[in-house]
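One structure is given here, and the rest of the page talks about it.
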Amino acid sequence: MDKAVLEGAVKTILTEIGENPAREGLAKTPERVAKAFEALTIGYAQDPAQVLGDAMFDSASSQMVLVRGVEFYSLCEHHLMPFFGAAHVAYIPNGKVVGLSKIPRMIDVFARRLQIQERMTDQIADAIMSAVKPKGVAVVINARHLCMEMRGVQKRGAETTTSALRGVFLKDIKTREEFTGFLGLGMRV
């Protein structure tokens, strides 16, 4: 990322909305925005397979592993406005388990890109299937979108839920119901 180019773009935006980018409160805003975008889009520089890579361990476990309530922040690719919420990820081991801290890190790889929630949900499920090769993966994401709350329809507090089911979670209703039961959804996903 060329920070100077991004800073220039922010100055242009400030000028176009009628602001003075040189005034005291805004003088360092272009630099701050460039740094913020570098952090908010760091996922483009990360490979999810490498994040999960060396933290896989042999295991005879065949029971569900669920990491729930993983908070994330992302930017909507349509308006560059934040959306945020929690991701819940489960998998059924198939000879290997992954270090638990790697799942939240991998979620952030995809959250820290310009996104739509539906694609992010699929990307997380596909990355785990590819790297861990479990019997199945289930991902549910609940999020609030500021593009929907602050502009457009302006419905504060509305949540969007997306799911991605792979392997046994897609094929076996009992496994899917166990997962949704752990989440307290009381419904089929």
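To the nearest 10 degrees, how steeply does helix 3-16 sit against the main Cα axis of the chain, on a 0 to 90 scale?
Compared with the principal axis, the helix lies near 60 degrees.
Where does the longest stretch of the chain lie that holds no GluC sites (Glu not before Pro) found in a DSSP loop with 14 or fewer other Cβ atoms within 10 Å?
With GluC sites (Glu not before Pro) excluded where exposed in loops, the chain gives 78-158 as its longest stretch.
For a quick check: sort I17, I173 by the number of other beta carbons within 10 angstrom, fewest at the front.
Taking fewest neighbouring Cβ atoms as first place, the list is I17, I173.
What is the dipole size for segment 81-189, taken about its Cα centre, with +1 at each Lys and Arg Cβ and -1 at each Asp and Glu Cβ, in debye to the nearest 20?
For this selection, approximately 160 debye.
Using Cβ contacts closer than 10 Å as the measure, can you line up H88, H79 from fewest to most?
On the way: H88 21, H79 15.
In increasing order of surrounding Cβ atoms, one gets H79, H88.
Ignoring everything except DSSP H segments at least 4 long, calculate the 222 nm mean residue ellipticity for the chain; use -39,500 (n - 2.57) per segment, divide by total residues, nearest 500.
Taking each H run of at least 4 residues, the total per residue is -11500 deg cm²/dmol.
How do V51, V67 line up, fewest other C-beta atoms within 10 Å first? List each step's numbers first, then the result.
Numbers: V51 21, V67 17.
Fewest-to-most ranking of V51, V67: V67, V51.
Give the calculated FRET efficiency between R119 and A45 to the nearest 0.05, with a Förster radius of 22 Å applied to their Cβ-Cβ distance.
0.75
If you only keep lysine pairs separated by 8 or more in sequence, or across chains, how many in the chain come under 19 Å at the Cα atoms?
Lysine pair count for the chain: 12.
Roughly what angle does helix 117-132 make with the longest principal axis of the chain, taking Cα atoms, 0 to 90 degrees, to the nearest 10?
Orientation of helix 117-132: about 50 degrees from the principal axis.
Mind listing which trypsin sites (Lys or Arg not before Pro) in segment 88-189 are in a DSSP loop and have 12 or fewer other Cβ atoms within 10 Å?
R151, K155, R156, R188
Restricting to DSSP loop positions (anything but H, G, I, E, B) with no more than 16 other Cβ atoms inside 10 Å of their own Cβ, which trypsin sites (Lys or Arg not before Pro) remain in segment 1-77?
R23, K28
Place a point 7 Å from the Cα of T160 along the Cα-to-Cβ direction; which residues of segment 52-69 have their backbone N under 18 Å from it?
none
Long-range amide H contacts for N94: which residues qualify at under 5 Å (H placed 1.01 Å from N, peptide plane, sequence gap of 5 or more or a different chain)?
Those qualifying (amide H under 5 Å, at least 5 residues apart or on another chain) are K135.
Read-outs throughout are calculated quantities, based only on the coordinates presented, and are distinct from any laboratory measurement. The structure presented is a predicted model; accordingly, all values stated were derived computationally and were not measured. Neighbour counts are summed over all protein chains in view; Cβ atoms, including those assigned to glycine, are modelled from backbone coordinates with ideal geometry.
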